[in-house]
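The values are calculated or read from the model by the stated rules, or taken from the named source; none is laboratory data. Since the model is a prediction, treat every value here as computed from it, not as a measurement. So basically every Cβ, Gly included, is an ideal-geometry build from the backbone, and we count neighbours across all protein chains shown. With ligands, DNA and RNA removed, areas are computed over all heavy atoms of the protein, side chains included. Shrake-Rupley method; radii C 1.70, N 1.55, O 1.52, S 1.80 Å.
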Amino acid sequence: MTDSTQTRPTPADGTRADAPSAAVTGMVDHVLALAATWTRWDGAPTHADDRVYTPHKAVRRVADHLIDHLAELEARLAGEQPQPDHWHASLVTTPADLAPFTPEDLDEARSRLTRLARIWAARLDALTDEQLDHSPGTGWSFRELAHHVHESVYYADAVGDLS
């Protein structure tokens, strides 16, 4: 888990660097900066740990992670049990993951991930410090959850900078 007291750079959207939302928006900024180089991808998957990564798989995993934990956060705020996820996660590399990463794919990734980050930021910024640190339901606090989502940079870092 990422240390929630660690100072992070201010994301491009101007979010306070110490706000939990900055962990999420900063992660997406980092992923998209790397993704801007992925149109040069030669089609050879990258190996990291015991998994295989491609540009499409990295974007898929980041988006899935954002969706999964946002659904958890919203369910807990509503007093419901979070629905278990059934993602194949990074264990599976789909045929779509192996497709070339085009400028249009980059545009789609920018739209998708930026919107997801803004939904996260709006939700987190609307919560009080009490709600962030003493969140309802079981699991990480929402502040910890935001910093956990920040760890999605792993998927993009596995593909790396292809410039």
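Things to note:
- Among the residues of segment 63-86, the ones that are in contact (Cβ under 8 Å) with a residue 24 or more places away in the chain and open to solvent by 40 Å² or more (accessible area, probe 1.4 Å) come to 6 in all.
- Of the residues making up segment 112-140, just one is open to solvent by less than 50 Å² (accessible area, probe 1.4 Å) and without any contact (Cβ under 8 Å) to a residue 24 or more places away in the chain, namely Leu127.
- Test result for His56, over 30 Å from Leu127 (Cβ atoms) and modelled with pLDDT of 95 or more: yes
- Test: Met1 is modelled with pLDDT under 95, among the hydrophobic types (A, V, I, L, M, F, W, C) and within 18 Å of Val153 (Cα to Cα): yes
- None of His86, His134, His147 is in contact with a helix residue (DSSP H, G or I) (Cβ under 6 Å, 6 or more places away or on another chain) and of a type outside the set (A, V, I, L, M) except His147.
- Among the residues of segment 87-111, just one is open to solvent by 100 Å² or more (accessible area, probe 1.4 Å) and either aliphatic (A, V, I, L, M) or in contact with a Pro (Cβ under 9 Å, 6 or more places away or on another chain) (or both), namely Leu91.
- Asp97 satisfies every condition listed in (1) out of contact with any strand residue (DSSP E or B) (no Cβ under 9 Å at 6 or more places or on another chain); (2) assigned to a helix (DSSP H, G or I) except (1).
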